[in-house]
Amino acid sequence: MRRKKESIWPFLIVLSIVLIFVITVFFAFGNFFRYRKILNDYNALKNYVNKKLESYEVKIKDLESKLGPNSIVDKYILSVNYLRNFGADLEQVLNNIYDEPGTGYFMVFVVGQESSWVTVKRGKKTYFSRELLPGLSKYKFYYFKEPRIKTDYDIVVTPDVDIVVGKAGKVYLLFYGVGSSYHPTKVVHITDMTVSNLKKTYNLYVPGR
């Protein structure tokens, strides 16, 4: 009986080793297949992300070609600005080609480094109201007759308009009188914020009035 027990132990030991080996191999294969699945999922995700990045890169390059330097949009903006500036410059050129002695008008000059608001009105009617930069303004205010070529810079007013300025002492009016061969014929300094009845205040010559 004792010999039988002694002969069983080696068998049990071998059987245990075999079972451990089988279990180890089983788990090893399981881990291998799980690893392969994770690796496949990772590769699929990587390919998806790369394709998305490639599509975004194509879209970005397309946007750069349309919006970047020398692009269609850039050239369009430059063209629009050029035409707008050209139109403004052309308006000023036409505005200054003819200096008609048969008309009477005045211009505004703002001194100093700051802009000043200037309003030209008569009663409830406002002919002009905006902020003017320092220097000689490009606008001409005709108080006697309209110019032969009228632009956006020409504003027809009545001789008895009122002038309201935002910065008293910083604004001058340059008058180009009717029938004069030299210009300007008169330069006045606005020391108050409001000047009432331009013709009467500065004794303007207006034929027929």
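The values are calculated or read from the model by the stated rules, or taken from the named source; none is laboratory data. All values reported here derive from a predicted model rather than from experimental measurement. Reconstructed Cβ throughout: ideal geometry from the backbone, glycine too, with neighbour counts over all protein chains shown. Areas reflect the complete protein model, heavy atoms only, side chains present, ligands, DNA and RNA absent. Shrake-Rupley method; radii C 1.70, N 1.55, O 1.52, S 1.80 Å.
Here are the numbers for the structure shown:
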{"read-out": "Single match in D74, D89 (criterion: open to solvent by less than 80 Å² (accessible area, probe 1.4 Å), assigned to a helix (DSSP H, G or I) and modelled with pLDDT under 90)", "value": "D74"}
{"read-out": "Within region 99-125, considering residues that are among the polar types (S, T, N, Q) and surrounded by 13 or more Cβ atoms within 10 Å (Cβ to Cβ), the one nearest to Y172 (Cα to Cα)", "value": "S116"}
{"read-out": "Residues of region 168-205 satisfying the condition of being open to solvent by less than 50 Å² (accessible area, probe 1.4 Å), at pLDDT below 85 and in contact with a strand residue (DSSP E or B) (Cβ under 6 Å, 6 or more places away or on another chain)", "value": "G177, V178, P184, T185"}
{"read-out": "Residue selected from region 126-159 under the condition among the acidic types (D, E) and more than 27 Å from the chain's Cα centre (by Cα), by the criterion most open to solvent (accessible area, probe 1.4 Å)", "value": "E146"}
{"read-out": "Test: V161 is in contact with a helix residue (DSSP H, G or I) (Cβ under 7 Å, 6 or more places away or on another chain), among the aliphatic types (A, V, I, L, M) and at pLDDT 90 or above", "value": "yes"}
